[in-house]
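Asker: Shown below is the structure under consideration.
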Amino acid sequence: RQLAEAVAGLAGDPAVRVLVLTGAGDRAFCAGLDLKELGRDAGALGSIEARVVDPVTAIEACPKPVIAAVNGVAVTGGFELALARDGLIASERARFADTHGRVGIMPGWGLSQKLSRVLGPYRAKEISLSGNFIDAATAERWGLVNRVVAHGEVLAAAQALARDMAEIDPGMLAGLKRLIDEGYGLPYREARALEAETSRRHNAAVVPG
């Protein structure tokens, strides 16, 4: 809830151009939901999910780019947070795992659908149906992360990418992000039509310099 509220607040701050999300310390980006905290009451997880604002949806809805600086393990719910980003810079120590199956919980923040779209269904199934970790090098080779950097450089690398993005006009930056995201959720022909219409409307208002 606090993460979702923080992202929503920054999304509405005109002084903020790009967000960088990372984990505290140097061991984990996010280890996911604390199952012990929920206790053993039947239905507790469903009750929590019904009441808590989904942080993944908050990140995806942010009109500004969100870059994940993954400084350690990103597991299950934490993996879903990492997948919500617009760019992902990984430490050489980063590791990713989907343990929903191992703990008997169905994903609810998009992992089962997004992972297969990023990696293809076979690699997505290898990750989700085994619960095994993949390391940073494998994640980069499979196209899950933008790049892998030395552990001590992950935040600086993410901030450097953020500064490059922040040089773009804010309205243009938000428009390009929205066009890519909306088009990605459509069949190819519909996405091309969306691009053509968006281009026509935007470029008609451009005054050559």
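The values are calculated or read from the model by the stated rules, or taken from the named source; none is laboratory data. As the structure is a computational prediction, the values presented were derived from the model and not from experiment. Methodologically, a virtual Cβ is constructed for each residue, glycine included, from the backbone with ideal geometry; neighbour enumeration extends over all protein chains shown. Side chains are part of the model used for accessible areas, which takes the heavy atoms of the whole protein and leaves out ligands, DNA and RNA. Shrake-Rupley method; radii C 1.70, N 1.55, O 1.52, S 1.80 Å.
Asker: Could you give me the residue pairs with C-beta distances under 8 Å whose first residue belongs to the range 99-120 and is in contact (Cβ under 8 Å) with a residue 12 or more places away in the chain and more than 20 Å from E182 (Cα to Cα), whose second residue is open to solvent by 50 Å² or more (accessible area, probe 1.4 Å) and among the aliphatic types (A, V, I, L, M) wherever it lies, and which are 6+ apart or on separate chains?
Answerer: Pairs found: H100/M106; G101/L129; V103/L35.
Asker: With V145, V154 as the choices, which residue is more than 25 Å from D34 (Cα to Cα), modelled with pLDDT of 95 or more, among the hydrophobic types (A, V, I, L, M, F, W, C) and part of a loop (DSSP other than H, G, I, E, B)? Please lay out each step first, then the result.
Answerer: Values: V154 fails: part of a loop (DSSP other than H, G, I, E, B).
That would be V145, the only listed residue that is more than 25 Å from D34 (Cα to Cα), modelled with pLDDT of 95 or more, among the hydrophobic types (A, V, I, L, M, F, W, C) and part of a loop (DSSP other than H, G, I, E, B).
Asker: Under 6 Å between Cβ atoms, which residue pairs at least 6 apart in sequence (or on different chains) link something in the range 126-145 that is on the phi > 0 side of the Ramachandran plot with a partner that is open to solvent by 10 Å² or more (accessible area, probe 1.4 Å) and outside any helix (DSSP H, G or I)?
Answerer: G131/T99
Asker: Here's another thing I want to ask about it. Go through D181, D164 for me and flag whichever is in a helix (DSSP H, G or I), open to solvent by 80 Å² or more (accessible area, probe 1.4 Å), modelled with pLDDT of 95 or more and within 18 Å of L88 (Cα to Cα).
Answerer: On the way: D181 fails: open to solvent by 80 Å² or more (accessible area, probe 1.4 Å).
From the options D181, D164, the qualifying one is D164.
Asker: Still on this structure: From N132, N146, which residue is polar (S, T, N, Q) and buried (at least 17 other Cβ atoms within 10 Å of the Cβ)? Working first, answer last.
Answerer: Working: N132 fails: buried (at least 17 other Cβ atoms within 10 Å of the Cβ).
So the residue among N132, N146 that is polar (S, T, N, Q) and buried (at least 17 other Cβ atoms within 10 Å of the Cβ) is N146.
Asker: I would also like to ask the following. What are the pairs with Cβ atoms under 9 angstrom where one residue, in the range 64-89, is assigned to a strand (DSSP E or B) and the other, located anywhere, is of a type in the set (D, E) and surrounded by 24 or more Cβ atoms within 10 Å (Cβ to Cβ)? Sequence gap at least six, or different chains.
Answerer: Listed pairs, sorted by first residue: A74/E80; V75/D98.
Asker: Look at the range 100-123 and say how many of its residues are buried (at least 20 other Cβ atoms within 10 Å of the Cβ) and either touching a strand residue (DSSP E or B) at 6+ places or on another chain (Cβ under 7 Å) or assigned to a helix (DSSP H, G or I) (or both).
Answerer: Final tally of qualifying residues: 3.
Asker: Just to be sure, is R93 at pLDDT 95 or above and either basic (K, R) or buried (at least 18 other Cβ atoms within 10 Å of the Cβ) (or both)?
Answerer: Working: at pLDDT 95 or above: yes; either basic (K, R) or buried (at least 18 other Cβ atoms within 10 Å of the Cβ) (or both): yes.
Yes.
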